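These notes are about the structure you will find just below.
Each value in this text was obtained by applying a stated rule to the coordinates, not by laboratory testing. Note that this is a predicted model, so its numbers are computed, not measured. When we count neighbours, we look across all protein chains shown, and the Cβ atoms used for this are built from the backbone with ideal geometry, even at glycine.
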């Protein structure tokens, strides 16, 4: 994949707008997980070391197009400072307008400022030309280091690449290189493991993977929805009712054995219940919730993985944020990690919840590639073009 590179830009003395992924969880006004901050820090540091004036732009959460203190990036500045080995990171209370302009004009070579949440302005998500113009007027160059937002046609993702000399940041470039290397022509057999609670974006991925993958294993709300589509009683389990018809269509299209569903499950009447139990499918009690895959499903999924080939994984296989229901996800994670060790199995993991789970259990370094991206990762898997990547490609064609 040919994209403009950071090394192609002469950043010395230039104001470089760096689109980073700083969409991190906050707890009591502090960053609860700085993985994404640490991941983008090397790109920022390299620009600073080369004499660039770094203007970091990002979004946090889902504010409704207006300032909201609950979604301010101000707490992220301290964490970014730590990730940059103590370099000072100034903060501007807006991303456009006089306050942003003043913060940028005060920079000297090798200095950094973080601008306030882009999504405090509706023009960001709308890719409004006036908003994109206002952002672009702040800088000389543009670097996109936010692969996780590359599936969004937003002003800071697409609009800036159309207006300024542009390049992919180191994190963006490494993400794309890894996905190209591992998944463009995956080693066979090609297996997919999909779970989690959000299934809307994954339905299209399953549709695409039916033409490429040998097996697709499902857990979490995804599996519950497909079980219901098959006609199984799911009790009080969370189900995406608006996707049941589509799940039924995919089951019919897949035929026998392509899509693997749980054969048993760990259930409880409530997520806080201290004594969950394993039951077969069918056989889910009407007053119970499916909260994890069961022991027989774990064995069948592990056996299906095989010793070599490729596995791509997005989404935990149950309510893995609660310790009684993390067993299935943990067993699959350990099995994949073990088979990755001798490099016969190529393992690619994406999505915030899944990656957070791996970090919790210190497994993040035992996979071929771990991507912090969720939606962009899934869209890439489906084969659909990513607006952020396409914008950079077109920027290179213009040079």
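Some values worked out for this structure:
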| item | result |
| --- | --- |
| Calculated diffusion of the stretch 319-399, Stokes-Einstein form, Kirkwood radius summed over Cα pairs, 10 °C and 1.306 mPa s, µm²/s | 110 µm²/s |
| Residue-averaged 222 nm ellipticity for the chain, from DSSP H runs of 4+ at -39500 (n - 2.57), nearest 500 | -11000 deg cm²/dmol |
| Projected area, mean over directions - the stretch 125-181, Cα convex hull, nm² | 3.9 nm² |
| Fraction of beta bridges assigned by DSSP in the stretch 185-367 that are antiparallel (%, nearest 5) | 35 percent |
| Compactness of the chain as Cα Rg over 2.2 N^0.38 Å, two decimals | 1.04 |
| Percent of beta bridges antiparallel (DSSP, the chain, rounded to nearest 5) | 20 percent |
| Kirkwood Rh in Å, taken over the stretch 185-367 so that all alpha-carbon pairs contribute | 16.2 Å |
| Three semi-axes of the equivalent ellipsoid, the stretch 76-164, Cα gyration tensor, whole Å, largest first | 22, 15, 12 |
| Segment residue 208-residue 98, extension gain: residue separation times 0.36 nm, minus the distance between their alpha carbons | 34.9 nm |
| Cα long-axis angle, helix 244-254 against the chain (0 to 90 degrees, to the nearest 10) | 70 degrees |
| Principal-axis tilt of helix 200-209 within the chain, Cα atoms, nearest 10 degrees | 70 degrees |
| GNM top mover of 149, 41, 384 - the chain, alpha-carbon springs below 10 Å | 384 |
| Between 0 and 90°, nearest 10: helix 74-83 axis offset from the chain longest Cα axis | 90 degrees |
| Least to most buried among 322, 190, 142 (fewest other Cβ within 10 Å first) | 322, 190, 142 |
| Whole-Å distance, taken between Cα centres, linking the stretch 320-381 and the stretch 48-65 | 28 Å |
| Ordering of 233-240, 222-229, 59-66 by burial proxy (mean other Cβ atoms within 10 Å per residue, highest first) | 222-229, 233-240, 59-66 |
| Label-point gap, in nm, between residue 359 and residue 303 - each point 7 angstrom along Cα→Cβ | 3.6 nm |
